[in-house]
Amino acid sequence: MITQQINKAIVSCFLEEAFGKFNGQVMNKLVAGHFHSHAYAAWGLPDGPEGIKLFLDFMRASFSNPAIRIEDMIAEGDKVVVRYIFEANQTGEVMGVAPTGKRFSLPGILIARLEDGKLVEYWREEDFQTVLQQLQSEALQEA
């Protein structure tokens, strides 16, 4: 039987591998083939582990030295909710901002639904306005 503690461990591993290391190679182990991301709709990425791998390719091209810090994690039923902070250095163009090399912090919340020990669906809300302010303030200071 998969418990809420096991689900929390799976989501922790997913976050560390995906956003702490940009490691797409383990996605088939952590993410179900029928996985659906509500966060990738605007990106036009496919469902399943392949969509995450494509997203991680973008992340790898845009950022370096990633880290993810889990601030809170709550599990109930088949869902795990995580409040986190993602940090990285901007090394590629992001949201129209040329690379600054600056380190930024992106606060976010993820809600993951799991089945049989794999992520099958998730929602993410992130504060991109804060990131833009951090990156643009650096760009303005250099101008």
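The values are calculated or read from the model by the stated rules, or taken from the named source; none is laboratory data. Remember, it's a predicted structure, so these values are computed and weren't measured experimentally. Cβ atoms come from the backbone with ideal geometry, glycine included; neighbour counts cover every protein chain shown.
Quick check: anything in the range 99-111 modelled with pLDDT of 95 or more, closer than 18 Å to Glu17 by Cα, surrounded by 13 or more Cβ atoms within 10 Å (Cβ to Cβ) and out of contact with any Phe, Trp or Tyr (no Cβ under 8 Å at 6 or more places or on another chain)? Checked against the condition, which is being modelled with pLDDT of 95 or more, closer than 18 Å to Glu17 by Cα, surrounded by 13 or more Cβ atoms within 10 Å (Cβ to Cβ) and out of contact with any Phe, Trp or Tyr (no Cβ under 8 Å at 6 or more places or on another chain), the range 99-111 yields no hits at all. Taken over the range 47-70, residues that are surrounded by 15 or more Cβ atoms within 10 Å (Cβ to Cβ) and either on the phi > 0 side of the Ramachandran plot or assigned to a loop (DSSP other than H, G, I, E, B) (or both) amount to 2. Report, by residue number, each residue of the range 71-98 that is among the acidic types (Asp, Glu), part of a strand (DSSP E or B) and either out of contact with any strand residue (DSSP E or B) (no Cβ under 7 Å at 6 or more places or on another chain) or modelled with pLDDT under 95 (or both). Glu76 - this is the single residue of the range 71-98 that is among the acidic types (Asp, Glu), part of a strand (DSSP E or B) and either out of contact with any strand residue (DSSP E or B) (no Cβ under 7 Å at 6 or more places or on another chain) or modelled with pLDDT under 95 (or both). Within the range 27-84, can you find the residues that are touching a helix residue (DSSP H, G or I) at 6+ places or on another chain (Cβ under 7 Å), over 15 Å from Tyr122 (Cα atoms) and in contact (Cβ under 8 Å) with a residue 40 or more places away in the chain? Those that are touching a helix residue (DSSP H, G or I) at 6+ places or on another chain (Cβ under 7 Å), over 15 Å from Tyr122 (Cα atoms) and in contact (Cβ under 8 Å) with a residue 40 or more places away in the chain: Pro66, Ala67, Ile68, Ile70. Yes or no: Glu17 out of contact with any strand residue (DSSP E or B) (no Cβ under 7 Å at 6 or more places or on another chain) and buried (at least 17 other Cβ atoms within 10 Å of the Cβ)? Yes.
Of the candidates Ser137, Ser37, the single residue that is more than 19 Å from Gln4 (Cα to Cα) and either modelled with pLDDT of 95 or more or surrounded by fewer than 19 Cβ atoms within 10 Å (Cβ to Cβ) (or both) is Ser137. Of everything in the range 112-129 that is out of contact with any His (no Cβ under 8 Å at 6 or more places or on another chain) and among the charged types (D, E, K, R), the residue that is surrounded by the most Cβ atoms within 10 Å (Cβ to Cβ) is Lys118.
Consider Leu106 carefully, then state whether it is within 16 Å of Leu30 (Cβ to Cβ) and out of contact with any Pro (no Cβ under 8 Å at 6 or more places or on another chain). No; evaluated as a whole, the condition is false for this residue. Can you find even one residue in the range 117-132 that is out of contact with any Gly (no Cβ under 9 Å at 6 or more places or on another chain), in a strand (DSSP E or B), more than 25 Å from Lys29 (Cα to Cα) and not hydroxyl-bearing (Ser, Thr, Tyr)? Checking the range 117-132: not a single residue is out of contact with any Gly (no Cβ under 9 Å at 6 or more places or on another chain), in a strand (DSSP E or B), more than 25 Å from Lys29 (Cα to Cα) and not hydroxyl-bearing (Ser, Thr, Tyr).
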